[in-house]
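This report refers to the structure that appears directly beneath it.
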Amino acid sequence: MHDIAPTDSDTVRFLQVVRAAGLNAEHGRLACQLRSGLLNEHAEALVDNCLAALADDQDFLSIEQADRGHTLRQGWIDLLRSFGQDFDSPGYLARRLTFFVACARADMPLNLLLLQHSLLQCNVVECIAVSGGITSDVHKLTDCALRIGALDLYLVAEGYRLPEIDTLQKSLQALRGEVSHLRRRASVDQLTGLVSYSKLVEILAQQIDRAQARKQPLSIIMADLDFFKSINDTHGHLVGDLVLRHTAERIQAAVRDFDIVGRFGGEEFTVILKNTDIEMAGIIGERIRAEIAVGPIHVKALNINITISLGVAMLRQGETMEALLERADAAMYQAKRAGRNRVVIAT
């Protein structure tokens, strides 16, 4: 494929779209992080995943039979591996236009190309959400992927010279709905329905900054189920998962409406207590302990008694998030060593 040389007016309009999408140098850095940490390695698998979803489409089959499928597949892989690279340059515009015009010349229907683009975009966002290997800041990466994906979607329309804007708007609306769903998934722990680990860390960092700036108290609770491994070993992981769900419900029932409850990992939970001093935090911790121990959890005709150990810590002026978490965690393990089923206040 020979690169298409965009006109000066094409370039000016393209740079206006870049600005309208809110893209800046920070997104360039994040896009580089996405390429090196995720897309370069998984580009082929992500593209093949999308193409497999189109395998039964007659329009796609006709492209495959005409021996153009391999070219299109490689084009998508190349697009992913150069995702957001120099996105504000005429070269980026030329490379994208070249590929999308080639799709049009291969008689790939526009609706199929838009579907492929949407599937690929959703797969990238999903991959970011479940990947712990890039960074804990899932939301910044997701936002970057969505903005650059929207830019590429604009270039799809440019490549096809679409007169029917309604078709594009409907595709964008469907993509926004799917992305909104994926964003919610990234923020919510899928097993318990509590705040996910990555979102919890993000919220805690924000609340610490706010508390430090306003000189307001902030406390956290680290809680860990006692002898949870024996539940898994005795009754299996399915029962263990149900126990975790019921535990999450009991913790939610014990805290205040504005407290933030998240799953820190495994059988460990964290509660962020805004504008709360250590005395009140201890009271809430005791309320959680009592709610968990109030009676057995009824799961699959089983009655399973559970208890929980909790550590409570209040933010010190100038203290980092890591130090606060470490103190609460140390208090929680002190509760374990002291016999479990108790609350320990960090000193």
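Here are the numbers for this structure:
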read-out: Matching residues, the range 318-347, being surrounded by fewer than 19 Cβ atoms within 10 Å (Cβ to Cβ) and β-branched (Val, Ile, Thr); value: Thr320, Thr347
read-out: Which listed residue is over 19 Å from Ile208 (Cα atoms) and either loosely packed, with under 15 Cβ neighbours inside 10 Å or out of contact with any Gly (no Cβ under 6 Å at 6 or more places or on another chain) (or both), from Ile283, Ile272, Ile278; value: Ile283
read-out: The listed residue being at pLDDT below 95, closer than 28 Å to Thr307 by Cα and of a type in the set (Gly, Ala, Ser), out of Gly193, Gly177; value: Gly193
read-out: Subset of the range 300-325 [aliphatic (A, V, I, L, M), part of a strand (DSSP E or B) and under 14 Å from Ser219 (Cβ atoms)]; value: Leu310, Val312, Ala313, Met314
read-out: Qualifying residue in the range 253-260 (condition: crowded, with 21+ Cβ neighbours inside 10 Å and either in contact with a Leu (Cβ under 6 Å, 6 or more places away or on another chain) or modelled with pLDDT of 95 or more (or both)); value: no
read-out: Residue in the range 100-108 that is in contact with a helix residue (DSSP H, G or I) (Cβ under 6 Å, 6 or more places away or on another chain), closer than 22 Å to Leu34 by Cα, surrounded by fewer than 19 Cβ atoms within 10 Å (Cβ to Cβ) and not basic (Lys, Arg) present; value: no
read-out: Scan of the range 186-226 for residues that are polar (S, T, N, Q) and under 14 Å from the mean Cα position of the chain (by Cα), ordered by number; value: Ser187, Gln190, Ser196, Ser198
read-out: Residue in the range 105-114 that is modelled with pLDDT under 85 and of a type in the set (Gly, Ala, Ser) present; value: yes
read-out: Those helices (runs of 4 or more DSSP H) lying entirely in the range 225-299 with at least 3 residues closer than 21 Å to Ala346 by Cα; value: 278-293
read-out: Ala213, sole failed condition from (1) at pLDDT 90 or above; (2) touching a Gly at 6+ places or on another chain (Cβ under 9 Å); value: (2)
read-out: Ile221 vs. criteria open to solvent by less than 20 Å² (accessible area, probe 1.4 Å), touching a residue at least 24 places away in the same chain (Cβ under 8 Å) and not in a helix (DSSP H, G or I); value: yes
read-out: Flag if Asn40 is of a type in the set (S, T, N, Q), modelled with pLDDT under 85 and assigned to a helix (DSSP H, G or I); value: no
read-out: Any hit, the range 49-71, residues being open to solvent by less than 70 Å² (accessible area, probe 1.4 Å), part of a loop (DSSP other than H, G, I, E, B) and at pLDDT 80 or above; value: no
read-out: Of the criteria (1) among the charged types (D, E, K, R); (2) open to solvent by less than 70 Å² (accessible area, probe 1.4 Å); (3) at pLDDT below 80, which one Arg35 fails; value: (3)
read-out: Yes/no for Leu244 being under 15 Å from the mean Cα position of the chain (by Cα) and open to solvent by less than 50 Å² (accessible area, probe 1.4 Å); value: no
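The values are calculated or read from the model by the stated rules, or taken from the named source; none is laboratory data. Since the structure is predicted, the reported quantities are computational estimates derived from the model, not experimental observations. A quick note on method: Cβ atoms are made from the backbone with ideal geometry, for glycine too, and the neighbour counts reach across all protein chains shown. Areas reflect the complete protein model, heavy atoms only, side chains present, ligands, DNA and RNA absent. Shrake-Rupley method; radii C 1.70, N 1.55, O 1.52, S 1.80 Å.
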